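To start, the structure itself, in structure tokens.
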Amino acid sequence: MIKFLLPLTLLVIISSCQSKQQEGKQVSNIDSTLQVKATSILENKLTELNALSGQVIIMKVQTGHIKAMVGVERKDSADYQPNENFSQAHESALMHPISILAALETGKVKLANTIDVGDGIYICKGDTFKDHNWHRGGYDEISIKQGLASSSNIAVYKTMEKAFGDDAQAYFNLLNNMSYGKPDSIAGIANLKPAYFVTPKDSGWSDTAFAWFCIGYNQTITPIQMLTFYNAIANNGKMVQPQLYKDSTTVINPQIASQANIDSLKQALEYVVADGLGQPAKSDKVQIASETGTVQLEDGSYIVEFCGYFPANAPQYSIIVSIHKDELPASGGLMTGDVFKQITKYIFTYNKYFNSK
């Protein structure tokens, strides 16, 4: 597989995530209690899975204020240690809803359209694409909405075929218009460079390279940049700058896509948790909207992720959970979805966090 990488160099320096800095310095948005709780939840899950590393980022939807930012990794011993390098970028199956949103923007597809994913195996120009349930016979005919809820690689790519045909450049133009891969910089996070990916205009794309990109491969992106996009969906299309410090809110893109398509995608992300692979994060206290993803890296290890927001009907918090583990089993829904659920329960239970800036 050909790789086209986003060179996103990012060195994060968050000394102690204190709520207040020295006099005259900026005041942090980090909530120390939430930071400690999120760290504990993540470390417990990493220990349970014997995972290599993990990240959790919690952000306020409307302001972009980062309330917790946790990174831990396993060192030589069995203990997990803080890892403040949030620059690590990787491929991500959380790309699925972003590709679907781009397809919706063409006006050529709707979430209710049906897609035949067959037995879960699809051959494209000699490359084989598989859905997670291919060994159980696949999903046959499903709607695009159901394909998203089932993390169907085949449903996503066939939707791209219907929306864009041979015009991959139109897809990349829409990604740029939607500010995919932003932000370029964050105060307190040094050396975050603009996102970049090779487009057909630059070097030409084969059908298979384009297909892999649509489902999250042939690129890399950092969790905080992925969270920024999902936060924009939660924020009715307005993309705001993630902020470690209590600065005024900065708008990156006032409207990443049409309101109608944002609304459609938000309903689909609710469906992921209600009836799809995101059900492990379902709560009887608050409605959650999210997507789950699992990718296998070139070294054979796995990235499992869960990204979403709550309450779904009036979003206040967006959260991304990313875990890197060596081997199977690897399930974004079961593993990172459980972390998401625990954090959501904590925030909702101690509802002093709600409506706070």
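Remarks
- Protection proxy ranking for 176-183, 108-115, using the average of other Cβ atoms within 10 Å per residue and placing the highest first: 176-183, 108-115.
- Above-threshold pairs, the threshold being 19 Å between Cα atoms, out of Lys238/Lys266; Lys182/Lys325; Lys110/Lys266; Lys145/Lys266: Lys182/Lys325
- Of Asn44, Asn235, Asn153, the one that fluctuates the most in a GNM where the chain has Cα springs shorter than 10 Å: Asn44
- Two-site FRET efficiency, Ile121 against Ser77, from Cβ-Cβ distance with R₀ of 41 Å, rounded to 0.05: 0.45
- The distance from the alpha carbon centre of segment 47-113 to that of segment 300-335 is 6 Å, rounded to a whole number.
- Normalised per residue, the accessible area of the chain is 42 Å², obtained with a 1.4 Å probe and no contribution from ligands, DNA or RNA.
- Counting only aspartates and glutamates at least 8 places from Lys285 when in the same chain, those with an alpha carbon closer than 18 Å to its own are Glu270, Asp275, Asp338.
- Accessible area per residue (1.4 Å probe, heavy atoms of protein chains only) ranks Val251, Val36, Val240 as Val36, Val251, Val240, with the largest value leading.
- What the Cα atoms of segment 94-167 give is an Rg and a Dmax of 11.5, 34 Å.
- Put a plus charge on the Cβ of each Lys and Arg, a minus charge on the Cβ of each Asp and Glu, and nothing anywhere else: the dipole of the chain about its Cα centre is then about 1220 debye.
- Sequence of Glu84, Glu91 from largest to smallest accessible area, 1.4 Å probe: Glu84, Glu91
- Rounded percent of accessible protein surface that carbon and sulfur make up, segment 224-357, 1.4 Å probe: 47 percent
- Kirkwood-based Rg to Rh ratio, segment 149-189, C-alpha trace: 1.17
- Qualifying aspartates and glutamates (Cα of each under 17 Å from Cα of Lys162; at least 8 residues distant if same chain): Glu105, Asp116, Glu141, Asp207
- Cβ-defined net charge surrounding Gln259, 15 Å radius [Lys, Arg +1; Asp, Glu -1]: 0
- GNM top mover of Ala38, Ala234, Ala209 - the chain, alpha-carbon springs below 10 Å: Ala209
- With the simple model of a label 7 Å out from the Cα in the direction of the Cβ, Asp167 to Asn113 spans 1.3 nm.
- Rounded D (µm²/s) - segment 37-103, Kirkwood Rh over Cα pairs, Stokes-Einstein at 20 °C, 1.002 mPa s: 155 µm²/s
- MRE, 222 nm, helices only [DSSP H, n ≥ 4, -39500 (n - 2.57), over the chain, to nearest 500]: -9500 deg cm²/dmol
- Dividing the radius of gyration of the alpha carbons in the chain by their Kirkwood radius gives 0.94 for Rg/Rh.
The values are calculated or read from the model by the stated rules, or taken from the named source; none is laboratory data. Because the structure is a prediction, the values reported are computed rather than measured. No Cβ is skipped: glycine too gets one built from the backbone with ideal geometry, and neighbour counts run over all protein chains shown. These area figures cover heavy atoms from the full protein model, side chains too; ligands, DNA and RNA do not enter into them. Shrake-Rupley method; radii C 1.70, N 1.55, O 1.52, S 1.80 Å.
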